[in-house]
Amino acid sequence: LGRAFAEAYRQASASQKYAAAAGKGSTGNTFTSSGLTLDEACKILNVPPPKGGETNMEQVMERFKRLFDQNDPKKGGSFYLQSKILRARERIELE
């Protein structure tokens, strides 16, 4: 049990150092709480990336609602996917 805890701590520490190093070289294209880039968010929701700083938010919301409802855990969906879909919408809204 002690070895497993120590290994988990080492992995968490390494992950934290990697995230900090990746954040220093970032171009500002990531969402800090989830690490989701704008391109990833657009791929998740299957919408085109913003052109000229403008996005069709109606299309984004339509895709978001459909995918979010399809992945409802009460209907046999995945909470993880639902979370990714929510973070993707938030990331696009941030732009």
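Find the residue count for the range 77-95, including only residues that are surrounded by 12 or more Cβ atoms within 10 Å (Cβ to Cβ) and among the aromatic types (Phe, Trp, Tyr).
Qualifying residue count, the range 77-95: 0.
So, of the residues in the range 49-76 that are at pLDDT 90 or above and part of a loop (DSSP other than H, G, I, E, B), which turns out to be most open to solvent (accessible area, probe 1.4 Å)?
GLY76
Can you tell me which condition THR30 does not meet? The list is (1) modelled with pLDDT under 75; (2) out of contact with any Gly (no Cβ under 9 Å at 6 or more places or on another chain); (3) of a type outside the set (Phe, Trp, Tyr), and all the others hold.
It fails just one condition, (2).
The values are calculated or read from the model by the stated rules, or taken from the named source; none is laboratory data. Nothing here was measured: the structure is a model prediction, and the numbers come from that model. Cβ coordinates were reconstructed from backbone atoms using ideal geometry, including for glycine residues, and neighbour counts include every protein chain displayed. SASA here: full protein model, heavy atoms, side chains in, ligands and nucleic acids out. Shrake-Rupley method; radii C 1.70, N 1.55, O 1.52, S 1.80 Å.
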